Number of protein chains: 2
Amino acid sequence: MKLADARNEFIAKWGAFGSHWGINRTMAQIHALLLISAEPLSQDDIMEQLNVSRGNANMNIRELIDWGLVDRVIISGERKEYFVAEKDIWKVATQIVKERKKRELDPMMKVIESLEHVEGDKKDPAFKQFNETISGIKHFGKQADKMLDVMVKADENWFIGSLMKFFR
Amino acid sequence: MKLADARNEFIAKWGAFGSHWGINRTMAQIHALLLISAEPLSQDDIMEQLNVSRGNANMNIRELIDWGLVDRVIISGERKEYFVAEKDIWKVATQIVKERKKRELDPMMKVIESLEHVEGDKKDPAFKQFNETISGIKHFGKQADKMLDVMVKADENWFIGSLMKFFR
DNA sequence: CTGAACTTTCAAAATATATTGAAAGTTTAT
DNA sequence: ATAAACTTTCAATATATTTTGAAAGTTCAG
């Protein structure tokens, strides 16, 4: 397989993969393109290579910057802005974990906590089941939260190394 | 807050939460409803409580069964089928991990592996970057894979207990 | 200050996804 | 074998999300 085909395949598949994860196709494709680009790319480069409109490119580049996955770089003597992706996959993963925890797990846990003390009849099975479910989710959420925090703060070698040794 | 309101709030929020995770709103709501129901529910119960159509309820119940999150139960003397959700949140989580690994991570890793040996010029920076990115993803994917396998096979007390002790 | 280079916005259009409900299919008791 | 009870399907419809591109906004060199 030729490099050009392999690059296209990677971009297409990473785009499709991203869409299972709440990241839209263009955003994942731009990310993929930047991941395999040795040099910074301008917005026009991205528009051209992926065949997307100016607005779409702009919006999704900003979103990637917002997620901490892409940085702006300035090239001296150039007027345009250029963009590069964080290439270290461990950092990419921890960054995504961190953002999703902030955007999804944390708000969910606040809701769960607000549902912990509900009025009701202790004899009512519906009441019992509701409380048991909520407290089970809360318990699980707290554990997950701790673990994700450790992961986000750790560096790869320490984390993976530790886990691997631990799990034999 | 009254139980009825709390239940509605939980169903609504679990539904919204699910949609960040590639699970559609109705599917997540049915799951939420079953999680807090002490008794098995029929399809008609679900349709009525969530105000969804027959087809929609049917399709999403089947999907939940497919994901291993809901079971059919028969109540003796009754013609109708009833449904219950797995209530143990740890089991719910491992089941989801298992399915998503199978549906998403495994196919992605196959693609990555197919992109490992591409023709190209070793001096070309684009070629180098492509190969580095692919091999970084592969390496990370393998570690993630092992870890998820351990998690799926472990039981909660062992897994969480171990991690907590380990991470102090 | 001016205008060229560049970036951002956003309403309209296109696309993708979810939902409905009536019709077709299946199962079971008699 | 029949028909009532129940389940599944699927084309049409509704809803939600993504994409476009022209217009408005910004920055900066001269």
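The values are calculated or read from the model by the stated rules, or taken from the named source; none is laboratory data. Predicted, not measured: the structure shown is a model, and the values here were computed from it. Counting neighbours? That spans all protein chains shown, and the Cβs are built from the backbone with ideal geometry, glycine included. Side chains are part of the model used for accessible areas, which takes the heavy atoms of the whole protein and leaves out ligands, DNA and RNA. Shrake-Rupley method; radii C 1.70, N 1.55, O 1.52, S 1.80 Å.
The figures follow:
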{"read-out": "Some residue of the range B:98-117 being among the acidic types (Asp, Glu), closer than 30 Å to A:GLY15 by Cβ and more than 16 Å from the chain's Cα centre (by Cα)", "value": "yes"}
{"read-out": "Members of the range B:1-14 found to be more than 7 Å from chain A (Cβ to nearest Cβ) and of a type outside the set (D, E, K, R), listed by number", "value": "B:ALA4, B:ASN8, B:ILE11, B:ALA12, B:TRP14"}
{"read-out": "Residue among A:ILE65, A:ILE89 that is within 10 Å of DNA strand C (Cβ to nearest atom) and within 14 Å of the chain's Cα centre (by Cα)", "value": "A:ILE65"}
{"read-out": "Subset of the range B:115-136 (residues that are facing chain A (nearest Cβ under 8 Å) and in a helix (DSSP H, G or I))", "value": "B:PRO125, B:ALA126, B:PHE127, B:LYS128, B:GLN129, B:PHE130, B:GLU132, B:THR133, B:ILE134, B:GLY136"}
{"read-out": "Pair list, Cβ under 6 Å, 6 or more apart: the range B:15-32 residue within 12 Å of another protein chain (Cβ to nearest Cβ), other residue of a type in the set (Asp, Glu)", "value": "B:HIS20/A:GLU104"}
{"read-out": "Filter result (open to solvent by less than 20 Å² (accessible area, probe 1.4 Å) and closer than 19 Å to B:ALA93 by Cα) within the range A:112-140", "value": "A:ILE112, A:PHE130, A:THR133, A:ILE134, A:ILE137"}
{"read-out": "Residue satisfying all of: in the range A:153-168; surrounded by 15 or more Cβ atoms within 10 Å (Cβ to Cβ) and more than 8 Å from chain B (Cβ to nearest Cβ); farthest from B:MET1 (Cα to Cα) among these", "value": "A:GLU156"}
{"read-out": "Residue within the range B:34-43 that is under 14 Å from the mean Cα position of the chain (by Cα) and within 20 Å of A:ASN131 (Cα to Cα) present", "value": "no"}
{"read-out": "Helices (runs of 4 or more DSSP H) wholly inside the range A:1-80 containing at least 2 residues that are open to solvent by 40 Å² or more (accessible area, probe 1.4 Å) and not assigned by TED's automatic domain parsing to the domain that holds A:ILE96", "value": "A:3-19, A:43-50, A:54-66"}
{"read-out": "Inter-residue pairs, beta-carbon under 8 Å, first within 14 Å of another protein chain (Cβ to nearest Cβ) and touching a residue at least 24 places away in the same chain (Cβ under 8 Å) and in the range B:41-59, second open to solvent by 70 Å² or more (accessible area, probe 1.4 Å) and more than 7 Å from DNA strand D (Cβ to nearest atom), 6+ apart", "value": "B:LEU41/B:GLN49"}
{"read-out": "A:TRP90 vs. criteria surrounded by 14 or more Cβ atoms within 10 Å (Cβ to Cβ) and in contact with an Asp or Glu (Cβ under 7 Å, 6 or more places away or on another chain)", "value": "yes"}
